[in-house]
Structures are given as C-alpha cells and as structure tokens.
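Remarks on the structure that follows.
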Amino acid sequence: EPFFAQEITRFGEGYVVEHTEKELSVDFEGFKLYGILDRIDRRGEALSVLDYKTGKYKLYTKRTVENATDFQLEFYWLLAQTLGKVDACSFYDLKSALVVGEAMLSEKLELLKRHLRELSVQESTNFEKCENRVLCQYCDYKYLCSRA
C-alpha cells in the first residue's frame with residue numbers, strides 16, 4: 001500500500017514512467033561506462049532516475065563524502081544524461097516506499113572523476129589469485145577473478 005500511495009503521489013506530480021530496465025552506455029573520463037537503470041521517469045523535459053532498493057544503501061553527507069565508495073547513482077546519472085536533462089537521481093526504497101535523493105551528487109561526481117583519472121594513469125596492477133578464499137572478502141580484485 002505505501003508503494004502504491006507513493007506512485008499515485010508521483011503521478012499526481014506529473015511524473016510518467018519513461019523507461020524500465022534501460023541499458024545504456026557513456027564515455028566518461030576515458031572509460032566506457034555501462035549500466036542497466038531500474039527506472040527513468042519524465043516530468044516535462046526533465047528526467048528522474050530511480051534505483052530500486054529492498055535493502056540497505058549508503059547515504060553520504062558533507063562530512064563523509066570524501067570517503068565515498070559507492071558511485072552507483074552517479075553512474076546512473078551519467079548514463080541517463082545520454083537521454084536528456086536529468087534533474088534527480090534517487091534510491092527508491094521499496095520497503096518504506098520513500099524516494100531518497102542523492103544529496104551529494106555533484107561532490108561525488110567530482111570524486112568519481114578523480115578516481116577515474118588516477119586509474120587512467122596507472123600502467124598496471126599486479127595481483128595473484130591466492131588459495132585462501134577467506135582473504136577474498138577483503139580483496140579489491142575479487143570480481144576480476146570471479147570469487148565475489
């Protein structure tokens with residue numbers, strides 16, 4: 001019921017579902033970014049990106065943004081820009097039916113740029129697959145060797 005109430009409110013505010021499960025790609029800071037966006041709404045000429053969540057999601061403040069490690073909404077914002085002007089990028093908490101906007105979008109975009117620039121000048125990364133799988137939970141490369 002809370003979800004339906006939220007949807008009625010959004011539609012009453014003029015939002016229309018434009019895309020669901022939309023696959024997009026964009027070039028950014030020398031990298032090709034890909035993603036599948038859960039939902040993109042349109043209100044007038046502006047787009048609103050919604051990322052469905054049923055569990056926890058990290059929110060950052062001015063005090064914590066420099067340590068940000070989750071850039072999912074920033075990726076989605078960049079991807080959705082290929083379709084038009086994006087004025088909002090939010091988590092859609094399906095359990096509470098709340099739409100929680102990314103308050104630190106511009107700060108996190110700048111941080112993402114810095115991270116990607118650092119990666120682009122890195123010539124190589126040396127890592128080896130180990131036998132002790134317990135270490136994988138802390139390894140930065142666990143997705144590369146399919147142990148995540």
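The values are calculated or read from the model by the stated rules, or taken from the named source; none is laboratory data. Just so it is clear, the model here is predicted, and its values are computed rather than measured. Neighbour counts run over all protein chains shown; Cβ positions are idealised from the backbone, glycine included. Note: accessible area is taken over every heavy atom of the protein model, side chains too, but ligands, DNA and RNA are not part of it. Shrake-Rupley method; radii C 1.70, N 1.55, O 1.52, S 1.80 Å.
Observations on the model:
- Any hit, region 38-61, residues being part of a loop (DSSP other than H, G, I, E, B), among the polar types (S, T, N, Q), surrounded by 10 or more Cβ atoms within 10 Å (Cβ to Cβ) and touching a residue at least 24 places away in the same chain (Cβ under 8 Å): no
- In region 1-24, residue surrounded by the most Cβ atoms within 10 Å (Cβ to Cβ) [restricted to those that are in contact with a Gly (Cβ under 8 Å, 6 or more places away or on another chain) and in a strand (DSSP E or B)]: LEU24
- When VAL99 is tested against (1) of a type in the set (A, V, I, L, M); (2) over 13 Å from the mean Cα position of the chain (by Cα); (3) part of a strand (DSSP E or B); (4) under 26 Å from VAL121 (Cβ atoms), just one condition goes unmet, and that condition is (4).
- Scanning region 83-93 for residues that are open to solvent by less than 60 Å² (accessible area, probe 1.4 Å) and assigned to a loop (DSSP other than H, G, I, E, B) yields a total of 1.
- Residue in region 66-82 that is loosely packed, with under 13 Cβ neighbours inside 10 Å, over 12 Å from the mean Cα position of the chain (by Cα), over 17 Å from LEU105 (Cβ atoms) and among the charged types (D, E, K, R) present: no
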